[in-house]
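Peer 1: Here you go, one structure.
Taken together, the values in this text are just the output of simple stated rules run on the coordinates, not laboratory data. Just so you know, these numbers come straight off a predicted model, no measurement behind them. Every residue, glycine among them, receives a Cβ derived from its backbone with ideal geometry; neighbour counts consider all protein chains shown.
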Amino acid sequence: MFARGIGATLMLAPSTSLADPALFERTPLSLVIFGSLEADARKTHGSIGLKRAFGAFGGLDASGFRIEAKWGMSVEPAYRKPTEGRLYRTEFHTLLGYEWRIGDSFLALSAGPAVEVAYRETRRYLSFEYRRALRLQADFWSRTTENSVLQANAYAILTEGGRYWGRLAPGWRLVGDLYLGPEFEGYRERDYHKVRLGVHLTGLRLFRLDWRLAAGFQKTRDEKSGAYVTLGLHWKR
């Protein structure tokens, strides 16, 4: 008799899923970890960073404030002409900004302090440089049609001489979220400039990470045309 009463009570009691469906809802993704590695004939550059959404109920999929931190390091010739020695450069920046999410598009604008340390080594002497600057950054991504996307990124580092970079990359769907298309990239620092034209493959899903591959040719102010390759990845959680 006692066992029947317990069974009846359990059957009449509302299930947890019916009583509070919110307990089973997935927490919105609010953090993305990203990294990149690129190389050409004379320079190798790697970076890693993270971006976090805060003050937004929908995490990264909703409009809201973002905070970003990124560290990078590069190795290149100490002097471009004549090519000699090594220049080791490390950079770190933190940014605070706002990201607007409208459907399948987003626009993010951010700003913050940046620090750069450079160590130049040649046969004749060694030198050390330390610079602080203000970094301004803009990122745009949009699914322009059902089968195409457009990516645009740019930054400006406001210091003596200034550094400016921009990238534009449309893409067309191959399968799922995998897109293929051309990319155009430009960079300028003092009297030095670099232009790239290549092909990118974006949205490759492997090992629970999203990958971007790119390769093409570049032309600088004082060098012949050469090849470059880029590998990028990000992980949302």
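Peer 1: Under 15 Å Cα-Cα from LYS194, which aspartates and glutamates qualify once same-chain neighbours fewer than 8 residues away are excluded?
Peer 2: Output for LYS194: GLU38, ASP40, GLU76, GLU183, GLU185, ASP222, GLU223.
Peer 1: If you take the beta carbon distance between ARG52 and GLU160 as r and set R0 to 22 Å, what does 1/(1 + (r/R0)^6) give as a FRET efficiency, to the nearest 0.05?
Peer 2: Details: r = 31 Å, r/R0 = 1.43.
Computed FRET efficiency for ARG52 and GLU160 comes out at 0.10.
Peer 1: Specify, per residue and in Å³, the volume enclosed by the convex hull of the alpha carbon atoms belonging to the chain.
Peer 2: On the way: hull volume 42.9 nm³, N = 237.
Spread over its residues, the Cα hull of the chain gives 181 Å³ apiece.
Peer 1: While we're looking at this one, here's another question. What is the distance, in nm, between label points placed 7 Å from the Cα along the Cα-to-Cβ direction at GLU84 and at TYR192?
Peer 2: Between GLU84 and TYR192, the label points sit 1.6 nm apart.
Peer 1: What angle do you read, to the nearest 10 degrees and between 0 and 90, between the alpha-carbon axis of helix 2-12 and the longest principal axis of the chain?
Peer 2: 50
Peer 1: Using a Förster distance of 41 angstrom, determine the FRET efficiency expected from the C-beta separation of TYR98 and GLU146, and round it to 0.05.
Peer 2: Values: r = 28 Å, r/R0 = 0.68.
After rounding to 0.05, the efficiency reads 0.90.
Peer 1: Still on this structure, I have one more. With +1 on each Lys and Arg Cβ and -1 on each Asp and Glu Cβ, how big is the dipole of region 73-167 about its Cα centre, in debye rounded to the nearest 20? Please report the intermediate quantities before stating the final value.
Peer 2: On the way: 14 positive and 11 negative charges, 95 e Å.
Taking the Cα centre of region 73-167 as origin, the dipole is about 460 debye.
Peer 1: If you don't mind, there's one more thing I want to ask. Report the label-to-label distance for LEU29 and ALA138 in nanometres (one decimal), using points 7 Å from each Cα along the Cα→Cβ vector.
Peer 2: About 2.6 nm, to one decimal.
Peer 1: From the phi of every residue in region 60-77, what ³J(HN,Hα) in whole Hz does the Karplus formula 6.51 cos²θ - 1.76 cosθ + 1.60 yield, where θ is phi - 60° and glycine or proline is x?
Peer 2: Working through the residues one at a time gives 6, 8, 10, 5, x, 6, 9, 10, 10, 9, 8, 10, x, 8, 9, 10, 7, x Hz.
Peer 1: Between TYR130 and LEU180, what length comes free when the chain is fully extended (0.36 nm per residue of separation minus the Cα-Cα distance, one decimal in nm)?
Peer 2: Working: separation 50, 0.36 × 50 = 18.00 nm, distance 3.95 nm.
Additional length available on full extension: 14.1 nm.
Peer 1: Pick out, from SER142, TYR155, LEU87, the residue whose Cα sits farthest towards the positive end of the charge dipole of region 66-159, with +1 on the Cβ of Lys and Arg and -1 on the Cβ of Asp and Glu.
Peer 2: Checked the options; the winner is LEU87.
Peer 1: Let me know the Rg and Dmax you get for region 120-237 when you use only its Cα atoms, in Å.
Peer 2: Every Cα atom of region 120-237 included, Rg and Dmax give 17.4, 58 Å.
Peer 1: Compute a Gaussian network model of the chain, connecting alpha carbons closer than 10 Å, and tell me which residue from THR122, THR94, THR202 fluctuates the most.
Peer 2: THR122
Peer 1: Further, regarding this structure: With n ≥ 4 as the cut-off for DSSP H runs, can you work out [θ] at 222 nm for the chain, using -39500 (n - 2.57) per run divided by the number of residues, rounded to the nearest 500? Walk me through the numbers on the way to the answer.
Peer 2: Details: 2 runs with 15 residues, N = 237.
Value at 222 nm, helices only: -1500 deg cm²/dmol.
Peer 1: Over what distance in Å are the Cα centres of region 67-118 and region 128-203 separated?
Peer 2: Centre-to-centre distance over Cα atoms comes out at 12 Å.
Peer 1: Quick one: dipole size for region 93-237, taken about the Cα centre, charges +1 on Lys/Arg Cβ and -1 on Asp/Glu Cβ, in debye to the nearest 20. Let's see the in-between values first.
Peer 2: Numbers: 23 positive and 16 negative charges, 64 e Å.
Here the size comes out at about 300 debye.
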